[in-house]
Amino acid sequence: MAPKTDANASPPLPSFPPVRACLFDMDGLLLNTEDLYTLCVNKVLESYGRPPLPWSVKARLQGRPGPEANKIFSEWAKLPISTEEYTAQLSVFQRQFFGTAAPLPGVPELLKDLDATKDAGAPSSAGGKPHTVHIALATSSHRGNYDLKTTHLGDLFAVFPEARRVKGDDERLLPGRGKPLPDIFLLALKTVNESLPASEPPITPEECLVFEDSVPGVEAGRRAGMRVIWCPHPMLKKEYAGREAEVLAGRTGEAGAIDLHQLGEVDDGWAEYLETLENFPYERYGIVIPKA
């Protein structure tokens, strides 16, 4: 006689292969730049007697390419200046403050640990042994702003080979194809696969782990067919209180009318929320860090 089953029980979580590539967003994930962005925007708003930028609006700007973010902001702010003039004024403050960007908690240790795996080779069928976890950067920041935020952090970003740093103005990204579309993460994976040694087989999307803080970024990772870590700013988390499962599935509607079959399912095990990147749970992702 077959055992009874609970019709309301959650389906079993899928079995994943070990993570072989980690693809990182930058702003608000590796660096504390979200607060710096808010500081710069609010200085412009203050000069025109406008209220500070609320997180309800900021949440919609995060992770998006500049032109799309500027359109959303302009519709809310209603400043008496052109988008070009706003951008020029904003840039003055960004040049003043972006050079103070600092790593968020746990980031230096996480990157150092992953970098320590770089000579371990492909994972073995036996498991339990260190294997190389390749890393790449996938940021919506254009090169100019990227340089402002990272030039003083050369040691931190040295773990990302130059060929694996995909920025928002990368010529290989088609206009209008920024997050929440998956292109930037698929391109980041392509840069990794193009630089693999001959002894390692190509990495598949399901062997990738995307690190994101923004909701459009989580959706982009899910649409790329990759696993995702969502580590948002506390105020962004508050904006989505009660909707965390939708965020992790990429089903918040941030992309508008799309084919939902491209996204995940609620509680499907492909994405996880972490409050911080400190004490990262490597074993959960089949990652073994070599002992020092």
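Could you go through region 91-101 in sequence order and give the Karplus-derived ³J(HN,Hα) for each residue, using 6.51 cos²θ - 1.76 cosθ + 1.60 with θ = phi - 60°, rounded to whole Hz, and x for Gly and Pro?
Values per residue, Gly and Pro as x: 4, 4, 6, 4, 5, 6, 10, 5, x, 9, 4 Hz.
With every protein chain kept in the model, how would you rank SER214, SER140, SER47 by accessible area, 1.4 Å probe, largest at the top?
These residues rank, largest area first, as SER47, SER140, SER214.
Which value, in nm² and rounded to one decimal, describes the direction-averaged projected area of the C-alpha convex hull of region 35-100?
Hull-based average projected area comes out at 4.2 nm².
If you look at just the Cα atoms of region 106-218, how large are its Rg and its Dmax in Å?
14.8, 45
Tally the DSSP beta bridges in the chain and give the antiparallel ones as a percent, rounded to 5.
Antiparallel bridges: around 5 percent, rounded to the nearest 5.
LEU31: net charge of surrounding residues, Cβ under 12 Å, Lys/Arg +1, Asp/Glu -1, itself excluded?
-4
As a test of the formula, what do you get for the chain when each DSSP H run with n ≥ 4 contributes -39,500 (n - 2.57) and the sum is divided by the residue count, at 222 nm and rounded to the nearest 500 deg cm²/dmol?
The per-residue figure over the chain is -10000 deg cm²/dmol.
What do you get for trypsin sites (Lys or Arg not before Pro) in region 42-87 restricted to DSSP loop and a cutoff of at most 13 other Cβ within 10 Å of the site's Cβ?
Within region 42-87, the qualifying trypsin sites (Lys or Arg not before Pro) (loop, at most 13 other Cβ atoms within 10 Å) are LYS78.
The values are calculated or read from the model by the stated rules, or taken from the named source; none is laboratory data. Everything numeric here is computed off the predicted structure, so don't read it as measured data. No Cβ is skipped: glycine too gets one built from the backbone with ideal geometry, and neighbour counts run over all protein chains shown. When the accessible area is computed, the model is the full protein with side chains, heavy atoms only, and any ligands, DNA or RNA have been set aside. Shrake-Rupley method; radii C 1.70, N 1.55, O 1.52, S 1.80 Å.
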